[in-house]
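Colleague: The structure follows.
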Amino acid sequence: MKYDAPTKQGYFGKFGGKFVPEILIPALEELETAYDSTIDDPGFQQDYRYHLKEFVGRPTALTFAERLTAHYGKAKIYLKREDLCHTGAHKINNTVGQVLLAIRMGKKRIIAETGAGQHGVATATVCAKFGLECIVYMGAEDMERQKLNVDRMRLLGADVRSVTSGSQTLKDATNEAIRDWVTNVHNTFYIIGSVVGPHPYPRMTRDFHRIIGIETREQLFAKEQRGPDYVLACVGGGSNAIGIFHPFIEDEKVKLIGIEAAGFGVDSGKTAATFTKGRPGILHGSMSYLLQTGEGQIELAHSVSAGLDYPGVGPEHSYLHDIGRVQYVPVTDDEAMESLKLVSRLEGIIPAIETAHAFAWLDKLMPQTSADELVVLNCSGRGDKDMGTISKYL
Amino acid sequence: MSLFITAGYPHPDETVDLVLGFEKSGADIIELGMPFSDPLADGPTIQHSSEVALANGITMDKIFDMVIRIREASEIPIVLMGYINPVFNYGIERFFKRAAECGADGVILPDVPVEESGYADEYAKRYGVPIICLVAPNTGDERMQLIDQKSNGFVYCVSIAGVTGTRDDSEVSSSVDTFIQRVNRKIKKNPVMIGFGIRNHESAMAISKHVDGFIVGSALIDNIRSHYPEKGWKDSLFEFVKELKHGK
């Protein structure tokens, strides 16, 4: 299949678009023009690759998970080690790219929203490195459960602002960041942390994470002389997933599986399983699947993982879902935590709780695989930040 | 003078009464807010009124019932204002059809810029309920003309970069004059109403002297918030509305 979404208007099928107040339209147009003229510029690419190598530590390893493979006794499992990125998760691939773009656009004030705190830390990190003012909006409830990341951001010089409206989590932090942007649009660059938001953000953030899939393909060919049969990644907004999926979309032999957070269970009313329980709607600037009431009010999501605790999902995932190219499946809090413990013991890797959702799907997937197949799982982040939560499950 | 009130705030039983009282106190247009859980262009005041209205069980059909009841008593133009998701969820065609049946005169969707208004435009035209578009201080000249073409009823001119809510005079007046001059050169088809940041008669007069009218929302909700449910809260609100229009 040929795949070239989004359209020039920012649509992935019927999903995406630019549903924002008029005041942001000139800013989005400015961003789009800057991005289009920059992304293929050799000088920019050289800068971006340089910092990914020297600062982020790319390429990240593709680790053969020997004991996990033996545990299931079926296909070989490889882990794409985004947990080894500087700051501990894939998020920094995107913040390096966007901050370099912000600098080229002459913007000196950076804002971001954060849920688990990983995107906030990644943004604070690049702002410290490049000497830019950084303001991070974070839900008060998330600040409580990710206190370590709050301290990290403050240590890095960011102004972390507590958001007490609504559910006090990622969706409200995003509302507040957009309100800041509306107010300070003349001098402010908004670094969105996932493949959500108005066009061109879903495309731009995806493009800065594609490096994950590109490296995976090269590394697997070097080790196995062939591509994967399955690629797995957890999906909240969906940035790590789109990063590893995208370079494989046209290759239909590769089965792509996105794992969403079911919370207490998809029918418990306490879930973040957007595809299982949601339907299309418009939030934070684009049309996509959403958890919403019969009246079109946004529902509160629930997941043990702050990074997946979001009632929406990136518009490109909605498109890939509807065309059937990616299969999206739910994993509960308990399944994820059990799997987190298993992976820690078997592989010596403590994954982030977000990432543990992808690992948990191996229980369902592996029995259907055969020994000559290859599974790649995007190990999107490390679990150090989650020790407070993890302790309660030990 | 156009007045904004969130449907269902401070209580669903008050909305019709408030609208009729606003008309008696000098309002020429009513903007009836359809509350949304995530009002990202609104400041804390309208966020609060939306939360209260939703907690009061406001639904799209209840809002339409309010419009019908207002229509039984008054011919004042009613514009429904709200974010797109509840409208999309209700069904865009169904929404415009119902709005027309109930006697609403226009719709404002602040998170639908002209790029995305395509399919709403079609139903707006079919059912005769026009869409009122917004311009902002950073809207370019050509785009302003396009918005004027697309808009029907009036053009909503957002006075400053920012969310809804009252401001100090210095924040509003500094650069607004050159913006208004531009608006008056480029917007020819529609009347222009200006809003965002107005807190009293003086700020309303200062900002609207070269356009067709002004819009007040947050200042009314702040007024309700500080007096409701004390005895006489409604009288002092209507008094405030009269002052907004005529001064003390």
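The values are calculated or read from the model by the stated rules, or taken from the named source; none is laboratory data. Everything numeric in this text was worked out from a predicted model, so none of it was measured. Using ideal geometry, Cβ is built from the backbone for each residue, glycine included, and neighbour counts are taken over all protein chains shown. Heavy atoms of the whole protein, side chains included, go into the accessibility calculation; ligands, DNA and RNA do not. Shrake-Rupley method; radii C 1.70, N 1.55, O 1.52, S 1.80 Å.
Colleague: List, in the order given, every pair from A:108/B:186; A:223/A:392; A:74/A:253; A:18/B:186; A:76/A:341; B:125/B:209 whose Cα-Cα distance in the structure shown is over 27 Å.
Modeller: In this structure, A:108/B:186; A:223/A:392; B:125/B:209 lie more than 27 Å apart at Cα.
Colleague: Which positions within the range A:1-26 get 50 Å² or more of their accessible surface covered by the other protein chains, compared to the chain by itself, with a 1.4 angstrom probe?
Modeller: A:19, A:21, A:22, A:23
Colleague: Given the options A:257, A:211, A:225, identify the residue whose Cα lies farthest towards the positive end of the charge dipole of the range A:211-267 (+1 on Cβ of Lys, Arg; -1 on Cβ of Asp, Glu).
Modeller: A:225
Colleague: Further question on the same structure: Suppose all protein chains stay in the model; what accessible area per residue would a 1.4 Å probe give for the range B:60-129, in Å²?
Modeller: Using a 1.4 Å probe on heavy atoms only, each residue of the range B:60-129 averages 38 Å².
Colleague: In the protein assembly as shown, if the dipole is taken from +1 on Lys/Arg beta carbons and -1 on Asp/Glu beta carbons about the Cα centre, which of A:330, A:13, A:348 is farthest to the positive end?
Modeller: Highest projection toward the positive end goes to A:348.
Colleague: Turning to a different aspect of this structure: Using a 1.4 Å probe on protein heavy atoms, which residues of the range B:119-156 have at least 40 Å² less accessible area in the complex than alone?
Modeller: B:138, B:143
Colleague: Divide the volume of the convex hull of the Cα atoms of the protein assembly as shown by its number of residues and quote the answer in cubic angstrom per residue.
Modeller: 150
Colleague: From the backbone phi of the range A:303-315, what are the Karplus-calculated ³J(HN,Hα) couplings (6.51 cos²θ - 1.76 cosθ + 1.60, θ = phi - 60°) in whole Hz, Gly and Pro given as x?
Modeller: Each residue's phi maps through the Karplus curve to give 8, 4, 9, 4, x, 9, 7, 9, x, x, 7, x, x Hz.
Colleague: Under the definition of Cα pairs under 8 Å and six or more residues apart, what whole-number percent is the relative contact order of chain A?
Modeller: Relative contact order of chain A: 20 percent.
Colleague: Counting pairs of Cα atoms in the range B:12-66, how many percent are more than 17 Å apart?
Modeller: Tail of the P(r) past 17 Å holds 42 percent of the pairs.
Colleague: Using alpha carbons only, what's the Rg to Rh ratio of the range A:27-129 with Rh from Kirkwood?
Modeller: 1.10
Colleague: Rounded to the nearest 100 Å², what is the sum over both chains of accessible area buried where B meets A, with a probe of 1.4 Å?
Modeller: Buried surface at the B/A interface: approximately 2800 Å².
Colleague: While we're here: Translational diffusion coefficient, Stokes-Einstein: compute it for chain B using the Kirkwood radius over C-alpha pairs as Rh, at 10 °C and 1.306 mPa s, and state it as an integer in µm² s⁻¹.
Modeller: After rounding, the answer is 88 µm²/s.
Colleague: Against the globular-protein guess of 2.2 N^0.38 Å, express the Cα radius of gyration of the range B:7-154 as a ratio, rounded to two decimals.
Modeller: Here the Cα radius of gyration is 1.03 times the empirical estimate.
Colleague: Could I ask something else about it? Per residue of the range A:337-354, what does 6.51 cos²θ - 1.76 cosθ + 1.60 with θ = phi - 60° give for ³J(HN,Hα)? Whole Hz please, x for Gly and Pro, Karplus curve as stated.
Modeller: 5, 4, 5, 4, 5, 4, 5, 4, 6, 7, 10, x, 10, 9, x, 4, 4, 4
Colleague: So, one more: Sorted by mean Cβ packing within 10 Å, highest first, what order do the peptides B:178-186, A:94-102 take?
Modeller: Ranking the peptides B:178-186, A:94-102 by packing returns A:94-102, B:178-186.
Colleague: About its Cα centre, what dipole magnitude does the range B:148-208 give when the only charges are +1 on Lys and Arg Cβ and -1 on Asp and Glu Cβ, stated in debye to the nearest 20?
Modeller: So the dipole magnitude of the range B:148-208 works out to roughly 460 debye.
Colleague: Also, I was wondering about something else. Kindly report the accessible area of the range A:253-293 per residue (heavy atoms of protein chains, probe 1.4 Å, no ligands, DNA or RNA), in Å².
Modeller: 31
Colleague: In deg cm²/dmol, rounded to 500, what helix-only [θ] at 222 nm does chain A give when every DSSP H run of at least 4 residues adds -39500 (n - 2.57) and the total is split over its residues?
Modeller: -12500 deg cm²/dmol
Colleague: Please report, in debye to the nearest 20, how large the charge dipole of the protein assembly as shown is about its Cα centre when each Lys and Arg carries +1 at its beta carbon and each Asp and Glu carries -1 there.
Modeller: 980
Colleague: Can you compute 3J(HN,Hα) from phi for each residue in the range A:107-122, using the Karplus curve 6.51 cos²θ - 1.76 cosθ + 1.60 with θ = phi - 60°, rounded to whole Hz and x for Gly and Pro?
Modeller: Listing the rounded values in order: 8, 10, 10, 10, 10, 8, 10, 8, x, 5, x, 5, 5, x, 5, 5 Hz.
Colleague: Taking amide H atoms as placed 1.01 Å from N in the peptide plane, list the residues 5 or more away in sequence, or in a different chain, whose amide H sits under 5 Å from that of residue B:81.
Modeller: Amide H neighbours of residue B:81, under 5 Å, 5+ apart: B:32, B:33, B:34, B:108.
Colleague: If amide H atoms are built 1.01 Å from N in the plane of the peptide, which residues on other chains or at least 5 residues away come under 5 Å of the amide H of residue A:292?
Modeller: For residue A:292, whose amide H was placed from the backbone, the distant partners under 5 Å are A:279, A:299.
Colleague: In 5 Å bins starting at 0, how do the alpha-carbon pair distances of the range B:165-233 split up by percent?
Modeller: Cα pair-distance distribution for the range B:165-233, in percent: 3, 16, 24, 20, 15, 10, 6, 4, 2, 0.
Colleague: So, in nm, how far is label residue A:3 from label residue A:222 when the simple model puts each one 7 Å beyond its Cα toward the Cβ?
Modeller: Result for the modelled spin labels: 2.4 nm.
Colleague: Could you work out, for the range A:185-315, what percent of all Cα-Cα pairs fall into each 5 Å distance bin, beginning at 0 Å and stopping at the bin that holds the largest distance?
Modeller: Computed distribution, short to long bins: 2, 11, 17, 20, 17, 14, 10, 6, 2, 1, 0.
Colleague: Further question on the same structure: Under unit Cβ charges (Lys, Arg +1; Asp, Glu -1), what dipole magnitude, rounded to 20 debye, does the range B:2-246 have relative to its Cα centre?
Modeller: Dipole size: approximately 520 debye.
Colleague: With a 1.4 Å probe and all protein chains left in place, how much of the accessible area of the protein assembly as shown comes from carbon and sulfur atoms, in whole percent?
Modeller: Heavy-atom surface of the protein assembly as shown belonging to carbon and sulfur, 1.4 Å probe: 50 percent.
Colleague: Using modelled backbone amide H atoms (1.01 Å from N, in-plane), which distant-in-sequence or interchain residues come within less than 5 Å of residue A:109's amide H?
Modeller: A:189
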